[in-house]
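Take a look at the structure set out below.
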Ligand SMILES: Cc1cc2nc3c(=O)[nH]c(=O)nc-3n(C[C@H](O)[C@H](O)[C@H](O)COP(=O)(O)OP(=O)(O)OC[C@H]3O[C@@H](n4cnc5c(N)ncnc54)[C@H](O)[C@@H]3O)c2cc1C
Ligand SMILES: NC(=O)c1ccc[n+]([C@@H]2O[C@H](COP(=O)([O-])OP(=O)(O)OC[C@H]3O[C@@H](n4cnc5c(N)ncnc54)[C@H](OP(=O)(O)O)[C@@H]3O)[C@@H](O)[C@H]2O)c1
């Protein structure tokens, strides 16, 4: 990833951290007043080290109106960035590239009846911000959030997802959200336990959501493990869906999680 130049980043303060498990953490940093983003976009966060600065992309979790920026991160053993991130505490500094980036936004999809938000791991992050847009709740009749993880302990943000349904700004539409957790290793009894493409192919995802997939009505956002993104995209292509582009609207937008 291209490093921002010295003029275009700010030093921000870590305000809050939450450790979900050995390998997952969330944190908030102070937000410059002029840092404006569209939900689904990512920020570049930086850390100073002896050999210069190291930058990594992170999707915003927080709402555009929150006074802070929240992020949800994997902790990769020996990861260049996250092994340092893991040690940071409230009051420490993180660098923030001034400009948000990316095109993984719901406005790239044409209207439809059902919006499927498909994530593995920290690919959940952009959806937590995307789901904070009142207009999104009005646009679709159903919104299905699918979060696939290795182990049940990786299912972060379950309380926050449940609370989204009660939000006063879209309370009238709260019933539209269906949350479908998937655990691929040692799944608790009754929980979906296969990879997303397989769940699409054998009809279990539709059954879990109580909805039918059709190119006419279904729209998809896909984010997470790049292999999952590629495999899910291929599965949907074979079923007659296509990538949504500016000049040729389709049913799918996607983003690789690394
Ligand atoms: C557009 C974009 C948005 C991103 N948003 C997020 C985000 O919101 N949260 C987040 O944790 N990461 C996100 N990433 C990945 C992030 O930039 C870092 O790669 C990650 O935090 C690990 O950094 P690292 O230097 O420790 O390890 P790296 O050297 O960057 O990665 C080492 C290896 O760890 C694995 N890996 C990297 N990221 C992940 C991940 N998120 N989940 C599982 N395995 C991973 C891969 O196998 C990778 O090869 C995003 C990447 C891109 C391109
Ligand atoms: N700090 C620690 O203690 C610790 C411990 C363990 C791992 N890690 C790190 O965590 C990272 C893994 O994180 P993660 O579990 O969030 O991410 P992940 O490996 O991407 O797994 C997340 C989900 O994506 C699924 N998936 C993977 N490939 C897929 C594909 N081609 N199609 C559909 N689904 C697919 C996985 O299913 P499957 O289960 O079937 O693969 C799993 O359900 C690694 O980088 C590892 O180094 C850290």
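Tell me, yes or no, whether the stretch 69-84 has at least one residue that is under 19 Å from the mean Cα position of the chain (by Cα) and either more than 9 Å from ligand 1 (Cβ to nearest atom) or not assigned by TED's automatic domain parsing to the domain that holds residue 38 (or both).
Yes; the residues of the stretch 69-84 include at least one that is under 19 Å from the mean Cα position of the chain (by Cα) and either more than 9 Å from ligand 1 (Cβ to nearest atom) or not assigned by TED's automatic domain parsing to the domain that holds residue 38 (or both).
Among 236, 254, which is assigned to a helix (DSSP H, G or I) and closer than 22 Å to residue 121 by Cα?
236
Would you be able to tell me the number of residues in the stretch 31-61 that are closer than 23 Å to residue 124 by Cβ, away from ligand 2 (no atom under 16 Å from the Cβ) and either free of Cβ contacts under 8 Å to residues at least 24 places away in the same chain or in a loop (DSSP other than H, G, I, E, B) (or both)?
Qualifying residue count, the stretch 31-61: 9.
For the stretch 78-106, how many residues meet the condition of being away from ligand 2 (no atom under 12 Å from the Cβ) and at positive phi?
Total satisfying the criteria: 2.
Taking the criterion of being out of contact with any helix residue (DSSP H, G or I) (no Cβ under 7 Å at 6 or more places or on another chain) and either part of a loop (DSSP other than H, G, I, E, B) or more than 10 Å from ligand 2 (Cβ to nearest atom) (or both), would at least one residue in the stretch 222-232 satisfy it?
No: zero hits.
Matching residues to (1) farther than 18 Å from residue 253 by Cβ; (2) in the same structural domain as residue 20 (by TED's automatic domain parsing); (3) buried (at least 16 other Cβ atoms within 10 Å of the Cβ):
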position: 130; (1), (2), (3): no, no, yes
position: 136; (1), (2), (3): no, no, yes
position: 141; (1), (2), (3): yes, no, no
position: 147; (1), (2), (3): no, no, yes
position: 155; (1), (2), (3): yes, no, yes
position: 173; (1), (2), (3): yes, no, yes
position: 184; (1), (2), (3): yes, no, yes
position: 192; (1), (2), (3): yes, no, yes
position: 211; (1), (2), (3): yes, no, yes
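Just checking, which of 203, 257 is within 21 Å of residue 113 (Cα to Cα) and either more than 16 Å from ligand 1 (Cβ to nearest atom) or touching a strand residue (DSSP E or B) at 6+ places or on another chain (Cβ under 6 Å) (or both)?
203
Search the stretch 175-198 for residues being assigned to a helix (DSSP H, G or I) and free of Cβ contacts under 8 Å to residues at least 24 places away in the same chain, and hand back the single one that is farthest from ligand 2 (Cβ to nearest atom).
Result: 175.
Which of (1) free of Cβ contacts under 8 Å to residues at least 60 places away in the same chain; (2) surrounded by 19 or more Cβ atoms within 10 Å (Cβ to Cβ); (3) part of a loop (DSSP other than H, G, I, E, B) does residue 71 not meet, given it meets every other one?
(3)
The values are calculated or read from the model by the stated rules, or taken from the named source; none is laboratory data. Everything quoted here is computed from the prediction, not taken from an experiment. Positions of Cβ are backbone-derived with ideal geometry, glycine not excepted, and every protein chain shown enters the neighbour counts.
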